[in-house]
Amino acid sequence: MAIALDPPGINFVSMQKGDSAEAKLRGRESEFWQNGYLLNAAAQLNDFGDTAGIIEHPDLVISVDTSTAHSVAALGKPTGILNRHDTCWA
């Protein structure tokens with residue numbers, strides 16, 4: 001049983017690229033977002049310009065430590081980072 005990710009008034013945008021990651025969401029949107037909304041924007045992301053265009057719209061971007069997270073912060077948007085417990089800070 002999946003945990004619903006649909007708090008009231010919050011919509012989700014996925015920018016995760018790659019067949020494996022996208023396949024995990026495809027067709028399961030209503031399982032996780034029963035009352036909310038998920039936009040899978042991966043197909044529209046071809047370069048950093050496309051990514052920056054999407055980043056401009058949400059109030060908050062939550063990402064793993066990737067170029068996307070750094071781009072979000074560089075654009076001055078609120079950024080949440082999901083990080084591993086054994087991260088190397090060197």
(request) Mind checking the full-extension length gain between VAL64 and GLN44? Use 0.36 nm per residue of separation minus the Cα-Cα distance, one decimal, nm. (result) 5.2 nm
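Whole number please: convex hull volume per residue of the Cα set in segment 14-58, in Å³?
Working: hull volume 3.0 nm³, N = 45.
Output value, Cα hull per residue: 66 Å³.
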(request) Read through the labelled values (i) 17.2, 55; (ii) 15.5, 51; (iii) 14.0, 42 and report the label of the one computed as Rg and Dmax of the Cα atoms in Å from the structure. (result) (iii)
(message) Using the basic label-point model (7 angstrom from Cα toward the beta carbon), what is the ALA23 to GLU56 distance in nanometres?
(response) 3.5
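Where a number appears in this text, it was derived from the coordinates with a stated rule and is not lab data. Note that the structure is a prediction, hence the values are computed from the model and not measured. Note that we place each Cβ from the backbone using ideal geometry, even for glycine, and neighbour counts take in every protein chain shown.
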